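Visitor: My questions all concern the structure below.
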Amino acid sequence: MSDMSINDFTLAIITTDKNMTSSGGCPIFYASDDDDMQNKAMLIAKCVDGVVHEIAKETLIIVKH
């Protein structure tokens with residue numbers, strides 16, 4: 001029997017890149033600088049029980065594993 005559920009998915013994107021847009025429905029949170037980005041990511045991850053991953057210097061994602 002195979003598991004058909006979704007186990008890993010991206011919950012949020014946090015970035016300092018004001019030109020970033022999303023077409024996949026994942027919410028983007030814009031930060032004013034690196035400290036603001038790190039703080040927003042930590043708070044959001046705690047709220048949704050997610051894990052923060054850096055995908056670029058100016059962009060973090062929160063993933064549910």
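Visitor: Quick check for you: with a 1.4 Å probe and neighbouring chains kept, what is the accessible area per residue of the chain, in Å²?
Guide: Details: 4590 Å² over 65 residues.
Accessible area per residue, the chain: 71 Å².
Visitor: Of the listed peptides 26-34, 8-16, what is their order by residue-averaged count of other C-beta atoms within 10 Å, with the highest listed first?
Guide: By packing density, highest mean first, the sequence is 8-16, 26-34.
Visitor: On the Cα set of the chain, report Rg and Dmax in Å, please.
Guide: Expressed in Å, the Cα Rg and Dmax of the chain come to 12.7, 47.
Visitor: Ok, one more. Is it possible to state the helix-based mean residue ellipticity at 222 nm for the chain, with each DSSP H run of 4+ residues giving -39500 (n - 2.57), the sum divided by total residues, to the nearest 500 deg cm²/dmol? What is it? Mind dumping the intermediate values first?
Guide: Details: 1 runs with 15 residues, N = 65.
Dividing the helical sum by the residues of the chain leaves -7500 deg cm²/dmol.
The values are calculated or read from the model by the stated rules, or taken from the named source; none is laboratory data. Every value quoted in this text rests on a predicted model; they were computed, and no experiment measured them. In this analysis, Cβ positions are derived from the backbone assuming ideal geometry, glycine residues included, and neighbour counts consider all displayed protein chains. Note: areas computed on protein heavy atoms with side chains; ligands, DNA, RNA excluded. Shrake-Rupley method; radii C 1.70, N 1.55, O 1.52, S 1.80 Å.
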